[in-house]
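I have placed the structure first, in the form of structure tokens, so that the comments after it can refer back to it.
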Amino acid sequence: MHRIREARFRRRYGFAPPPAWADFTGYEPILDVIERERLYLLEGDVLEIGVLLGGGTAKLCGLMKRRAPSKRVIAVDIFDPAFDTTQSPIGYDMAAIYASQISRVGSDQRAVFDQITAGEPNLVVVEGDSAEVEIPAERLAFSFIDGHHAAEYVRGDFETAWSRTVPGGVVGLHDYGGDLSHVTHTVHELIGEHADEIARVWTEGIIAFIQRGR
Ligand SMILES: C[S@@+](CC[C@H](N)C(=O)[O-])C[C@H]1O[C@@H](n2cnc3c(N)ncnc32)[C@H](O)[C@@H]1O
């Protein structure tokens with residue numbers, strides 16, 4: 001079963017997938033948006049805020065390496081699983097979820113991430129708090145935001161990405177319409193505040209995609 005899934009992924013995207021356990025979200029719908037919208041033809045790099053074990057990062061690197069090798073994948077994470085203590089209304093604790101994911105495969109998040117993404121030539125890792133770090137890119141074609149889940153972080157991370165997003169570029173936000181109702185509400189506010197700049201909003205599972213007008 002594992003082999004069949006791997007072969008399907010390779011056939012579809014043209015490179016071998018990282019281990020399934022390293023990609024928490026399931027980045028295939030994200031890769032499909034990049035492919036379908038041909039975001040690799042736009043100016044700008046790719047930004048990911050919140051990488052956890054790096055499986056999604058490796059998938060973004062693999063796709064961009066094939067489609068636009070000069071683009072960089074800028075991966076931002078604080079690599080401190082205890083930092084986000086956001087609780088969902090039904091009692092999910094982000095820090096506990098991350099600790100449990102990491103403990104199954106190693107003891108140090110950054111070490112696991114480095115192993116999963118080893119050798120990716122287009123990867124730039126920025127370690128630190130997304131509210132404080134400098135993003136080393138002026139223009140972005142695609143961003144995926146899945147870092148700290150407090151409303152002020154969702155807002156801040158979106159503004160960081162959106163202010164650099166080129167016309168036609170897309171920002172994806174995880175946890176839209178899921179258990180974290182404050183994330184959903186914040187995404188609604190952001191869509192309203194940027195309504196004049198937005199061409200289109202759509203969802204795939206619990207990811208909201210927001211495309212800048214051309
Ligand atoms: C839900 S996980 C990311 C999952 C990943 N996108 C995936 O699907 O495999 C959230 C990540 O955000 C990171 N994080 C939490 N607060 C952060 C902050 N203030 N700045 C940067 N990263 C943060 C955590 O360390 C964790 O790795």
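Descriptive notes on the structure:
- Filtered residue count, the range 88-99, keeping only those that are more than 16 Å from residue 55 (Cα to Cα) and either of a type in the set (A, V, I, L, M, F, W, C) or modelled with pLDDT of 90 or more (or both): 6
- Residues in the range 83-110 that are of a type outside the set (Gly, Ala, Ser), assigned to a loop (DSSP other than H, G, I, E, B) and free of Cβ contacts under 8 Å to residues at least 24 places away in the same chain: 85, 108.
- Residues of the range 1-35 that are surrounded by 13 or more Cβ atoms within 10 Å (Cβ to Cβ) and of a type in the set (A, V, I, L, M): 22, 30, 31, 33, 34.
- Verdict on residue 16 being farther than 28 Å from residue 156 by Cα, modelled with pLDDT of 95 or more and touching a helix residue (DSSP H, G or I) at 6+ places or on another chain (Cβ under 9 Å): yes
- Test: residue in the range 59-71 that is more than 22 Å from residue 211 (Cα to Cα) and within 11 Å of the ligand (Cβ to nearest atom): no
- Selection count where residues are within 19 Å of residue 139 (Cα to Cα) and not hydrophobic (A, V, I, L, M, F, W, C), scope the range 58-78: 6
- Selection within the range 133-149 - within 8 Å of the ligand (Cβ to nearest atom) and acidic (Asp, Glu): 146
The values are calculated or read from the model by the stated rules, or taken from the named source; none is laboratory data. Please read these numbers as outputs of a predicted model, since none were measured by experiment. Backbone-built Cβ (ideal geometry, glycine too); neighbour counts: all protein chains shown.
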